[in-house]
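Participant: The following block contains the structure, expressed as structure tokens.
The values are calculated or read from the model by the stated rules, or taken from the named source; none is laboratory data. Just so we're clear, the structure is a prediction, and the values are computed from it rather than from any experiment. Don't worry about glycine lacking a Cβ; one is built from the backbone with ideal geometry, like all the others, and counts go over all protein chains shown. Please note that ligands, DNA and RNA were not included when accessible areas were found on the heavy atoms of the full protein model with its side chains. Shrake-Rupley method; radii C 1.70, N 1.55, O 1.52, S 1.80 Å.
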Amino acid sequence: MAETPGAAGGGYEGLRSGQVAEAAGVNPQTLRYYERRGLLAEPARTLGGHRLYPAEAVTVLRVIKTAQRLGFTLEEVFGLLAAARHRHGPRDAGLATGARAKLEEVERRIADLEVIRSALRGALDAGCDDLIACAGEPCCPLPFAGPGAAPERSRG
């Protein structure tokens, strides 16, 4: 940790922006962005105005980036972090609740993608070359919608 002398001979202890960013694998602008969004606490500053973060800021940044890779939006990450900071609720509040909701969302998206995959495979198997020509064929496997569209067929 860097130690920067304070006004009365005391010192500030912490990590500078570049050190935190490097340790967490993000760029320094990301730190400031997360501060503005309320995801990362505003750090102490030296008399010269340099930010000094506590070591736990690296962990918080890693948690944010991991949650994003798992599909959580920054707004959802904010909620997860807030729940972790205020552990007054039921035992499953926070991560468990958020993870269940995110898993349900992911499962819905997977189901939607499976429908799309099935339609595309059907189009390839049927030799569809031209969307306009295919749309007029009764055997077209693509799920066209709207007025005059062929009724939807079962996909299996």
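Participant: Count charges around GLU42 for me, please; just the other residues with Cβ under 11 Å from its Cβ, Lys/Arg as +1, Asp/Glu as -1.
Facilitator: Computed value for this residue: +3.
Participant: While we're looking at this one, here's another question. Would you kindly give the portion of the calculated P(r) for region 91-143 that falls above 18 Å, as a percent of all Cα pairs?
Facilitator: Across region 91-143, Cα pairs with separations above 18 Å total 52 percent.
Participant: Any idea what the relative contact order of region 12-89 is, in percent, if you count C-alpha pairs under 8 Å spaced at least 6 apart?
Facilitator: Rounded, it is 31 percent for region 12-89.
Participant: For region 12-89, take N as its residue count and report Rg(C-alpha) divided by 2.2 N^0.38 Å.
Facilitator: Taking N as the residue count of region 12-89, the ratio is 1.10.
Participant: Sort LYS102, LYS65 by heavy-atom solvent-accessible area, probe 1.4 angstrom, most to least.
Facilitator: LYS65, LYS102
Participant: How much of the accessible area of region 91-143, probe 1.4 Å, is carbon plus sulfur, in whole percent?
Facilitator: Whole-percent figure for carbon plus sulfur exposure: 59.
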